[in-house]
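The block underneath contains the structure these notes are about, expressed in structure tokens.
The values are calculated or read from the model by the stated rules, or taken from the named source; none is laboratory data. No experiment lies behind these values; they were computed from the predicted model shown. Here the Cβ is made from the backbone with ideal geometry for all residues, glycine too, and neighbour counts use every protein chain on show. Areas reflect the complete protein model, heavy atoms only, side chains present, ligands, DNA and RNA absent. Shrake-Rupley method; radii C 1.70, N 1.55, O 1.52, S 1.80 Å.
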Amino acid sequence: MSPVQTAVTTVLTEKFEVSPESIRPEATLESLDLDSLALAELALALQEQLGVPVEENEAAKHSTVGGLVAALNAKRAQQGSS
């Protein structure tokens, strides 16, 4: 599991009490019962944990867990090469 995947899973399970079995790459954030306030909190928590900016559209209801992880992995890689 990548550091980003670990961070996403940790935040979802600890802060939002999402069951670990529900956190699959194809699961949408909406299907995990995250409302707009929770999505904003998720973005902020991930930003703090990973040290990369998390845009609102990256943590949108229709976003999948896998898509979010991929976007954040790309940002971390880009940040590391800057």
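Taking into account only those residues within the range 59-80 that are open to solvent by 70 Å² or more (accessible area, probe 1.4 Å) and touching an Asp or Glu at 6+ places or on another chain (Cβ under 9 Å), which is nearest to Thr13 (Cα to Cα)?
Lys61
Would you call Thr10 open to solvent by less than 90 Å² (accessible area, probe 1.4 Å), at pLDDT 95 or above and out of contact with any helix residue (DSSP H, G or I) (no Cβ under 9 Å at 6 or more places or on another chain)?
Working: open to solvent by less than 90 Å² (accessible area, probe 1.4 Å): yes; at pLDDT 95 or above: yes; out of contact with any helix residue (DSSP H, G or I) (no Cβ under 9 Å at 6 or more places or on another chain): no.
So Thr10 does not fit the description; no.
How many residues does the range 13-58 hold that are open to solvent by 40 Å² or more (accessible area, probe 1.4 Å) and within 21 Å of Gly80 (Cβ to Cβ)?
6
Does the range 1-19 contain any residue that is outside any helix (DSSP H, G or I) and in contact (Cβ under 8 Å) with a residue 40 or more places away in the chain? Write out each step before concluding.
So in the range 1-19, the residues outside any helix (DSSP H, G or I) come out as 1-2, 15-19.
Imposing the further condition that a residue be in contact (Cβ under 8 Å) with a residue 40 or more places away in the chain reduces the set to 2.
Yes; the residues of the range 1-19 include at least one that is outside any helix (DSSP H, G or I) and in contact (Cβ under 8 Å) with a residue 40 or more places away in the chain.
How many residues does the range 39-55 contain that are farther than 14 Å from Ala7 by Cβ, part of a helix (DSSP H, G or I) and over 11 Å from the mean Cα position of the chain (by Cα)?
Of the residues in that region, 0 qualify.
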